[in-house]
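The values are calculated or read from the model by the stated rules, or taken from the named source; none is laboratory data. On a predicted model such as this, the values are computed, not experimentally measured, just so you know. Positions of Cβ are backbone-derived with ideal geometry, glycine not excepted, and every protein chain shown enters the neighbour counts. Just the protein is used for accessible areas: all its heavy atoms, side chains included, with ligands, DNA and RNA removed. Shrake-Rupley method; radii C 1.70, N 1.55, O 1.52, S 1.80 Å.
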Amino acid sequence: MSEGDHKVSKISSEAIFAERPISSSKFLVSLILCLSLIMVDLKFDTSNAFRGYLQDIFSPFYNLAEVPLVLIESFSGFVTSKQELRETIKEYQEDNNKLQVINSQLVEITRRNSELDLVWNSAQIKKEAYLLGQKMSLSANSLKPRMLLSIKNNNSVIKINQAVMSSGGIMGKITSVGRKSAEVMMVHDPRSMIPIISSTTRIHAVLQGKGLERFGKLINIKKTAKLKEGEDLYSSGLGGVFPPNFFVGKIISIQDNVDDEFLEVRVEFLGIPEEQDFFLIFTG
Amino acid sequence: MSTSLRNNLLISFSFLLCISIDSLSFFFQLNEIKPSLVLLTLIYWNLALPEKIGIGFSIVVGLFYDILQGALMGLYPFIFVIISYLFQRFFYQIRPMRLLQQSIIIFFLTLVVKFFLSIDFNNSETESISLMDLNYFSLSLINAFTHSIVWPVVFFGLRFYRRKWIKI
């Protein structure tokens, strides 16, 4: 052990096993370095340029975290007894009977599907404009929720600011792109602003997120606006980031505060996509 | 392989394991209250082997954590550097403390960290500098409590790991 690692008694020259704290100068330099990183990222969004690529490197971590669950599942599958298998077969038979009944409705469903196809064509949206992404993780940061999507056929068509949709409506937009992954800023994020149009009163506004499990708000709504509670909000397509006519949220409450210049309109977003695995990226 | 390198690798491995556990996402409430194992591990190594954990270690682990949490670049390194400094600076006071006392310190420390994380760096809220509301505050309190409950488990777990594998 070198003398620098411990204090030495001046009387006996024996080591006093004391650890040196981090020197103040090192500490200050590190703090300045960290603050510089924060300031540069805030000013120029530098991290978005490489965050996606770093996520590609870190993707094994997400898989590693899934290992115990996979092991438990395979182990439970291994120890399934014959009796349980018989019960499973019985359940499948019951499901089969139900499916046969449901199948009898197929004619009607086919007719409706053809109608939907007509609607789809009338909307003149190319199916090729959508790319499928699989959810890898959803960050635990409720104030700045972020979703990570794994993309198999990237081919450089995915770019920053493209909208991400679930079956229910708009979920967010891409903030960083890697080779096989993309980071998505959710609509719940306070930095997210979506131009919307209300379904019945046809009022244009901008919807801002407030964090997960919190209501969003419509910003700068005049007190004379006649918005209604319970009204659905759809993307207006203004600005060109989000495609028009997709569901974004629903008005929960409208408050007219005396000391406020604008109306306080609270909006409920789509639920958190915990169960959903696949999302569409609008590349159009 | 030299002992020093081996020790550093073993310490790094403990961080990697905690980072991958922390990257697991659950339902909203659990995500909000689950403890950050990386933070507790960093505190443990600062108390157990302060000469091995320097500023550089804190910055690297913080940058890893920034990427995984989707935070501003430099935010977690900033927090981790301050925590490392505090625990090394007050090493003599904290190390001989009882686990209960250490847990109380960790409770207040994680509470401060949660409050710091709620600062609105992007200025998306014009009225206030914090995004905290009552729900966030109460979940932060529970989160800090969970940290203090989990601390003894992490402490004994990592002490066992250190005594079994890390040779000084």
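The figures follow:
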quantity	calculated
Matching residues, region A:239-284, being touching a residue at least 40 places away in the same chain (Cβ under 8 Å), surrounded by fewer than 17 Cβ atoms within 10 Å (Cβ to Cβ), over 18 Å from the mean Cα position of the chain (by Cα) and not in a loop (DSSP other than H, G, I, E, B)	A:Glu264
Residue pairs meeting the criteria (Cβ under 8 Å; at least 6 apart or on separate chains; first touching a residue at least 60 places away in the same chain (Cβ under 8 Å), in region B:38-54; second polar (S, T, N, Q) and surrounded by fewer than 19 Cβ atoms within 10 Å (Cβ to Cβ))	B:Leu49/B:Asn7
When residues of region A:207-231 are limited to those that are of a type in the set (Gly, Ala, Ser) and closer than 14 Å to A:Ile251 by Cβ, the one nearest to the other protein chains (Cβ to nearest Cβ)	A:Gly216
Residue tally, condition assigned to a loop (DSSP other than H, G, I, E, B), out of contact with any Lys or Arg (no Cβ under 9 Å at 6 or more places or on another chain), open to solvent by 10 Å² or more (accessible area, probe 1.4 Å) and among the hydrophobic types (A, V, I, L, M, F, W, C), over region B:17-63	1
Failed item, numbered, when A:Ile160 is tested on (1) closer than 23 Å to B:Phe121 by Cβ; (2) within 13 Å of another protein chain (Cβ to nearest Cβ)	(2)
Residues of region A:57-85 that turn out to be open to solvent by 70 Å² or more (accessible area, probe 1.4 Å) and in contact with a helix residue (DSSP H, G or I) (Cβ under 6 Å, 6 or more places away or on another chain), as a count	1
Residue within region B:7-16 that is open to solvent by less than 50 Å² (accessible area, probe 1.4 Å), within 16 Å of A:Ile22 (Cβ to Cβ) and more than 9 Å from every other protein chain (Cβ to nearest Cβ) present	no
Scope region A:32-54; condition facing chain B (nearest Cβ under 7 Å) and open to solvent by less than 30 Å² (accessible area, probe 1.4 Å); matching residues	A:Cys34, A:Ile38, A:Asp41, A:Ser47, A:Arg51
Residue match in region A:132-149 (condition: modelled with pLDDT under 90, closer than 19 Å to A:Gly284 by Cβ and in a loop (DSSP other than H, G, I, E, B))	no
Test set (1) in contact with a strand residue (DSSP E or B) (Cβ under 7 Å, 6 or more places away or on another chain); (2) closer than 22 Å to A:Leu33 by Cα; (3) in contact (Cβ under 8 Å) with a residue 24 or more places away in the chain - B:Ser23 fails condition number	(2)
Candidate set from region A:174-214 (those that are of a type in the set (Gly, Ala, Ser) and either in contact with a helix residue (DSSP H, G or I) (Cβ under 9 Å, 6 or more places away or on another chain) or farther than 19 Å from A:Gln162 by Cα (or both)); member that is most open to solvent (accessible area, probe 1.4 Å)	A:Ser199
